[in-house]
Amino acid sequence: MSSKKSAPAKKARPARAAKTAAQGKPAAEAKPTPQAAPKATSAKTSAKAAQAKAATQATADAVPSGPRPTRLTVAAVLAAVEAAVLVGMGVYVLVMGLAGDPESPRQAEMLGVTVLALAALPLAAARGLWLRRRWSRGPAMITQLMALPVAWTLVSNGGGLIAVGVATAVAAFAVLALLINPTATEALGIGPRDA
């Protein structure tokens, strides 16, 4: 009995293959596989996820409307001044390492290049604060926290460096206070939960 049923089924398979070939489709495409549906579904969900991620990124990078608060402007200017001072110090140390007669020219040159590289962080933070970019608050605060030990070291060395150390500490505390202020955080688009 099983041999009678299998004979008509075997005849039906070539007939189906011929019918799909007449329609212009290969026999393998005639019968949908169960694996094809999940792939299509996963492609749709990944496309939706990519759109949601792009929308989230666009809202995170959006500049808040309205005028820039004075506190944010002052913080940006102070960060830019700190960057300019670091650039000046880096150039001075680099020139003295190349043209002067230091004990270790390589060490002086490396110090100059390092100070110039460190100036990039407050410079980027100042530009971001000026343009009211949300990401700029973190680098600006990190720069100020790094400036406090430098100020302490300058004050501890005494002499003419005390004034420089005090000025550095005052600028660092001022920028930190300005960036923690709710007016500045709202101007950067940072809500209470983000802060």
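Annotations for the structure displayed:
- Flag: Val113 does not match the condition of being in contact (Cβ under 8 Å) with a residue 60 or more places away in the chain, open to solvent by 40 Å² or more (accessible area, probe 1.4 Å) and either in a helix (DSSP H, G or I) or farther than 25 Å from Gly191 by Cβ (or both).
- Within segment 131-145, the set of residues being in contact (Cβ under 8 Å) with a residue 60 or more places away in the chain and either more than 22 Å from Ala169 (Cβ to Cβ) or not in a helix (DSSP H, G or I) (or both) comprises Leu131, Arg132, Arg133, Arg134.
- Yes/no for Pro69 being touching a residue at least 12 places away in the same chain (Cβ under 8 Å) and touching a Pro at 6+ places or on another chain (Cβ under 9 Å): no
- Here Arg127 fulfils each of the conditions (1) open to solvent by less than 30 Å² (accessible area, probe 1.4 Å); (2) part of a helix (DSSP H, G or I) apart from (1).
- Reported count of residues in segment 148-185, each being within 30 Å of Gly66 (Cβ to Cβ) and at pLDDT below 90, is 5.
- Sole residue being touching a helix residue (DSSP H, G or I) at 6+ places or on another chain (Cβ under 6 Å), modelled with pLDDT of 90 or more and of a type outside the set (Asp, Glu), chosen from Gly97, Gly112, Gly128, Gly90: Gly128
- Ala147 passes every criterion in (1) among the small types (Gly, Ala, Ser); (2) buried (at least 17 other Cβ atoms within 10 Å of the Cβ); (3) over 30 Å from the mean Cα position of the chain (by Cα) apart from (3).
Yes/no matrix, rows are residues, columns are (1) more than 25 Å from the chain's Cα centre (by Cα); (2) open to solvent by 40 Å² or more (accessible area, probe 1.4 Å):
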| residue | (1), (2) |
| --- | --- |
| Arg137 | no, no |
| Trp152 | yes, yes |
| Asn157 | yes, yes |
| Ala167 | yes, yes |
| Ala171 | yes, no |
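The values are calculated or read from the model by the stated rules, or taken from the named source; none is laboratory data. Note that the structure is predicted; figures quoted are calculated from it, not measured. Ideal geometry is used to build each Cβ from the backbone, glycine not excepted, and the neighbour counts take in all protein chains shown. Surface areas here come from the heavy atoms of the whole protein model, side chains and all, with no ligands, DNA or RNA. Shrake-Rupley method; radii C 1.70, N 1.55, O 1.52, S 1.80 Å.
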